[in-house]
Structure formats: C-alpha cells, structure tokens
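Readers should treat all values here as calculations from the given coordinates under stated rules, not as data from a laboratory. It should be emphasised that the depicted structure is a prediction, and the values quoted were computed from it without experimental measurement. When we count neighbours, we look across all protein chains shown, and the Cβ atoms used for this are built from the backbone with ideal geometry, even at glycine.
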Amino acid sequence: MKYGTLTLGQIEALCNKLGGPTAVERLLQEGFALEFTGEMAARLGVRSVPLFDRHGRCIPGQSLKFMVVDPNRAFRFDRPVLDYSIRLARIRQYLECYGTISLSAEEFQSVSTILIEQLRSNARCANALNGVYLPIVIPAMVVTDYGDTLNRVINGGVGLSYAAQYHLPFANRCSDELAGKVSVVDGTRHDHLIARLARGAAVALFFPNPLRGFSIKACQEQIASLSEGWLLAGGIDTAVAFTAYPDVLGRDHRTPGLDCAALRWESVDYSLRFDADDDHTDFNRANNLNIADASCGGGLLFVGNAS
C-alpha cells in the first residue's frame with residue numbers, strides 16, 4: 001500500500017470529510033480534482049500548480065486523449081490598447097440591433113477590471129493574463145436557434161466591422177447552412193453563457209490564444225480542468241469579440257485561426273472556424289476535429305466567480 005502509515009480510521013475520517021463514499025467515487029472519476037487554495041493551501045503547504053504557462057497558453061492536461069501540438073509562434077495576436085469607450089461603441093454600432101446593452105463604458109471597464117483582478121489573484125490562473133485578452137460585452141438576447149442567431153451576428157457584426165476596419169471583404173461561407181444546424185457541445189459550459197444572456201448583457205474577458213495547437217476535441221477535454229468561471233468559446237462570443245476587435249482578430253494571414261470549439265455544426269464531425277488572411281477573412285466549417293493545427297485553436301471566455 002502506497003500510504004501504509006494511514007490507519008483505517010484516518011481513511012474513514014477523510015472519506016467523511018469529503019462527503020462520504022458517493023463523493024469519493026465522483027472525485028476519482030476522470031476530470032475531477034481536489035484543489036486547495038488561499039488560506040487552506042497555505043496551512044497545508046500545498047503549492048498551486050499553474051494551469052497556464054508563461055505565454056498564457058493552457059498547459060495540456062495529462063489525461064487528454066486527443067491531439068495537441070506545440071503552437072507556431074510566428075502566428076500571433078497583438079495586444080491592443082484597451083479603450084473601453086471605443087470598443088463598447090463598436091459593439092453597440094453593429095450589434096445592439098440584435099440585443100440590448102444597458103451599461104455604460106465606465107461600468108464596462110469596472111466589471112472588466114474586477115474580472116482581471118480575480119484572475120491576477122488566483123495563482124493557478126494568473127498566467128492567463130500574459131496572453132492577449134479582450135474585454136467584451138455580449139448583448140442580452142434570447143437564443144432559440146443558435147445557428148440563426150450566429151448567422152445574423154456574423155453578417156451584421158463581424159462582416160460590417162471588418163469591412164469598415166480594412167475595406168476588405170468578409171466571407172461567411174456558411175451563411176445558408178447555419179440555421180437549425182448548430183448546437184452546443186455538452187460539457188463545454190457554453191450553455192451557461194446562453195442562459196446568462198437571456199437574463200441580460202454579459203461582460204466577459206475573451207482569450208483568443210490559450211488553446212492554440214489544441215485540436216477541437218482536445219479543447220473540449222481541456223475545459224474540464226478549469227474552474228466554472230471559464231467557458232469554452234463558441235460562435236456568438238467569438239463573433240462579438242471579432243466585431244469589437246477586428247484589428248486584433250482579423251489583422252492578416254499571420255493571425256491565428258479561431259476555432260468555435262464549443263459548437264457542433266450538423267454532426268459530431270464538424271465545427272466552425274474564423275480564418276483571417278491578408279486580403280479577406282472567412283468564416284467556414286471545420287472538420288478533422290482531432291487534427292491539431294499549430295496556427296489555430298479554440299478561445300476561452302472568462303465570466304468570473306459569479307457565473
């Protein structure tokens with residue numbers, strides 16, 4: 001026995017503190033982990049293991065079954081100057097016709113600052129801020145047909161914002177193939193965002209970079225290692241971020257591709273992706289969900305501890 005110094009009484013007491021046999025069985029299932037933070041971690045002498053590396057990329061979980069490759073760092077996102085008034089005005093200009101936004105630029109900045117501080121004070125997640133992060137406001141909306149809503153947000157938001165920024169064409173190559181064909185993948189927590197939007201606009205931090213080099217299937221696995229405040233990015237949130245920051249997410253051909261990894265298009269074999277180039281940007285289907293691309297990856301959305 002590995003821990004032969006423990007008595008049966010101590011093992012029983014530990015099981016009781018964890019909630020009994022049922023709780024212990026759940027903890028032993030793949031994807032569950034026991035984490036001590038703050039004062040309890042200090043008292044026990046437990047060292048917090050970072051979930052993100054020094055570049056802000058997720059450290060792949062040891063139990064991942066699907067493909068992950070090292071990122072190609074020749075592809076990059078540039079960190080923008082965070083002018084909350086300008087970014088909120090852009091979201092309002094292109095997207096408020098699809099949903100309501102009832103907060104001011106000052107409130108947007110205040111909530112975003114709270115989210116940033118939540119991450120900065122968390123030893124396991126603080127490194128995420130070393131990567132590019134984009135504060136966004138997703139308008140309140142009731143999503144009954146995800147594909148139809150996504151299609152309208154892409155055409156009216158991303159397409160117009162990108163064209164205004166670069167005077168270049170944006171091609172939604174799935175425009176006639178989204179309504180009724182897009183669903184949220186179980187376990188990605190993206191459904192939490194959809195429920196949240198039905199109650200009101202959501203302020204969040206969009207991280208485009210942390211899962212670069214992860215296959216879409218690996219992105220879907222990796223989210224289980226993060227706290228509930230993290231959601232795997234889908235289409236609506238990524239489209240809002242693209243609308244607000246076309247200068248970051250649609251810069252040129254060296255901009256990493258953005259997988260909408262929380263989404264399924266038509267079947268389990270397909271998802272969706274944004275790809276920027278020098279003279280245009282595409283939104284298209286993604287297949288080969290277990291093939292990792294060093295220049296592409298899924299995004300993460302941080303909505304905070306109160307999500």
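Annotations
- Computed from the Cβ-Cβ distance with R0 of 45 Å, the FRET efficiency linking residue 199 to residue 49 stands at 0.85.
- When the range 187-307 is described by a simple charge dipole with +1 on each Lys and Arg Cβ and -1 on each Asp and Glu Cβ, the residue from 284, 244, 232 located farthest towards its positive end is 232.
- Stokes-Einstein D for the range 158-307, Kirkwood Rh over Cα pairs, 20 °C, 1.002 mPa s (µm²/s): 139
- Between residue 96 and residue 252, the modelled labels are 3.4 nm apart [label points 7 Å from Cα along Cα→Cβ].
- Label-zone membership for the range 165-204, site residue 103, 7 angstrom Cα→C-beta point, backbone N under 12 Å: 200-204
- Divided by 2.2 N^0.38 Å, where N counts the residues, the Cα radius of gyration of the range 79-232 comes to 1.08.
- Taking 0.36 nm per residue of sequence separation and removing the Cα-Cα distance, the residue 144/residue 177 pair yields an extension gain of 10.2 nm.
- By the Cα gyration tensor, the range 61-129 has an equivalent ellipsoid whose semi-axes, rounded to whole angstrom, run 31, 18, 14 from largest to smallest.
- Between the beta carbons of residue 89 and residue 305, assuming R0 = 35 Å, the FRET efficiency works out to 0.80 to the nearest 0.05.
- Packing rank of 273-284, 251-262, where each peptide gets the mean count of other beta carbons within 10 Å, highest leading: 251-262, 273-284
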